[in-house]
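Below is one structure; the comments refer to it alone.
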Amino acid sequence: MTRPNIWSLAPYSSARNEYAGREARVFLDANENPYNTPYNRYPDPLQLEVKAAISKAKGVPAENIFLGNGSDEAIDLPYRCFCQPGQDNVVAIEPTYGMYKVCADINDIEYRPVLLDENFQTTADRLLAACDEHTKLIWICSPNNPTGNNIVREEIVRTIEGFQGIVIVDEAYSDFSTEPTLRSELLNYPNLIVLNTMSKAWGCAAIRLGMAFASRQIIDLFNKVKYPYNVNLLTQKQALEALQDPFQVDKWVRMLKLERDRMIEAFQLLPTCEKVYPTEANFFLAKMTDAQLIYNYLVDNAIIVRNRTRVTLCHNCLRITVGTKSENNELLAALRQL
Ligand SMILES: *Cc1c(COP(=O)(O)O)cnc(C)c1O
């Protein structure tokens, strides 16, 4: 199902991968400046050191890992590898993360949203019914953004098993969830891509490092199509540093989940809050009496939340990210004065 031009593509061969595997001491091959170590040298195009650390942290073999400039790159690549512009289409749950549609539009691929039900759930039957012979990808975000809930695992698995194309499960928030990750199922499903990111639980949104876990064949395709040096040296260094201390991430996650539960209880007592939806992420979706009014009021008080009132099924909803205890208290204090 790979696009013919990508299948037959001869990837750019960088100076640094032609001697691969041999001992080297003198580097006069890449027209770099010999001074200003370590920034003078091109970084490892396949980020093997970072992948070794991620492999340990996530329990996935390094050869099944792709690293990109944020998840954004891992979201764009499946379109570029598998979808013929003006011809193919993709299916996605709705509402969900906006980048799947942005990348579809950029790549001139038809985007077919499948509305979630009132519990923000879907079924394999509903997703597969939206597919035709030109459907190449199905996007599932779990825990979903902006709703916060997990999509029922059996339905995701049935979708993967029942679909001829590729199912991409975005698990950007799985560190905050009780549901086991689908990464462990990779060996069973050659058509599954699981996305993760350093931007949320790992506290590294600034370094732009996203990851895709998939079969060797898919990873090889991504590596062929990506920019040769897509993950810069500063990012690789900082990622390695963060990966040295996974217990820090566990501590943050534990703290944020406690704060999340405290915030939800407090929101349920607010006269301006009609409902808080169940969440397994580091944010929650709250149905308010008047989301636009409350959003404007909070902005006037220098507090920014995400107004989702114009998103399908999210009328009058605000999406609240869980912050530090004092940030959360500021939000609550402002809302109590409304
Ligand atoms: C925040 C988020 C990401 C992260 O994107 P990056 O480009 O890695 O920062 C990915 N997917 C979803 C659903 C998100 O909400």
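The values are calculated or read from the model by the stated rules, or taken from the named source; none is laboratory data. The structure displayed is predicted, hence computed values, not measured ones. As a convention, Cβ positions derive from the backbone with ideal geometry for all residues, glycine included, and neighbour counts pool all protein chains shown. For accessibility, only protein heavy atoms count, side chains too; no ligands or nucleic acids. Shrake-Rupley method; radii C 1.70, N 1.55, O 1.52, S 1.80 Å.
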Subject >> Unit charges at the beta carbon, dipole of the chain: most positive-side option, Asn145, Cys83, Ser174 >> reply: Ser174
**OP:** Scan region 112-180 for GluC sites (Glu not before Pro) in coil per DSSP, keeping those whose Cβ has at most 14 other Cβ atoms within 10 Å, and list them by number.
**Re:** Glu118, Glu133
Original post:
Using the Cα gyration tensor of region 95-213, with a ≥ b ≥ c the square roots of its eigenvalues, what is the shape: rounded (a/c below 1.5), prolate (a/b larger than b/c) or oblate (neither)?
Top reply: rounded
Original post:
So which residue, out of Ile65, Ile168, Ile219, gets the largest mean-square fluctuation from a GNM of the chain using Cα contacts under 10 Å as springs?
Top reply: Ile219
Original post:
Hey, what angle do you get for helix 48-58 against the long axis of the chain, alpha-carbon based, 0 to 90 degrees rounded to 10?
Top reply: 40
**OP:** Treat each spin label as a single point 7 Å out from the Cα along the C-beta direction, and report the Ala20 to Thr289 distance in nm.
**Re:** 6.3
Original post:
Counting other Cβ atoms within 10 Å, which trypsin sites (Lys or Arg not before Pro) in region 1-100 have at most 14 and lie in a DSSP loop?
Top reply: Arg22, Arg25
**OP:** With everything on Cα atoms, drop me the angle between helix 216-225 and the longest principal axis of the chain, reported from 0 to 90° to the nearest 10.
**Re:** 80
**OP:** Quick one: give the max-minus-min coordinate of the C-alpha atoms of region 151-205 along each principal axis, largest first, in Å.
**Re:** 36, 19, 17
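For each pair in Lys251/Lys325; Lys200/Lys325; Lys58/Lys101; Lys58/Lys251; Lys101/Lys224; Lys56/Lys237, compute the distance between the two Cα atoms and list the pairs where it is over 21 Å.
Numbers: Lys251/Lys325 14 Å; Lys200/Lys325 17 Å; Lys58/Lys101 28 Å; Lys58/Lys251 17 Å; Lys101/Lys224 24 Å; Lys56/Lys237 17 Å.
Correct reply: Lys58/Lys101; Lys101/Lys224.
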Subject >> Virtual spin-label span in nm between Glu110 and Arg306, 7 Å along Cα→Cβ >> reply: 2.9
Original post:
Over region 67-164, what percent of the accessible surface lies on carbon and sulfur atoms, probe 1.4 Å?
Top reply: 47
Subject >> Set of region 107-127 residues, backbone N closer than 16 Å to the point 7 Å along the Cα-Cβ line of Gln87 >> reply: 107-110
**OP:** Spit out the partnerless Cys residues in the chain, using Cβ distances under 4.7 Å as the pairing rule.
**Re:** Cys81, Cys83, Cys103, Cys131, Cys141, Cys204, Cys273
Subject >> Gained length - Thr123 relative to Met255, 0.36 nm times residue gap less alpha-carbon distance >> reply: 44.2 nm
Original post:
Which chymotrypsin sites (Phe, Trp or Tyr not before Pro) in region 1-96 pass both tests, a DSSP loop state and at most 14 other beta-carbon atoms within 10 Å?
Top reply: Tyr12, Tyr19, Phe27, Tyr35, Tyr39
Subject >> Square roots of five times the Cα gyration tensor eigenvalues for the chain, Å >> reply: 37, 26, 17
**OP:** Could you provide, to the nearest whole Å², the per residue accessible area of the chain with probe 1.4 Å?
**Re:** 50
Subject >> Principal-axis tilt of helix 291-300 within the chain, Cα atoms, nearest 10 degrees >> reply: 80
Original post:
Mean shadow of region 242-338, computed from the convex hull of its alpha carbons, in nm²?
Top reply: 6.7
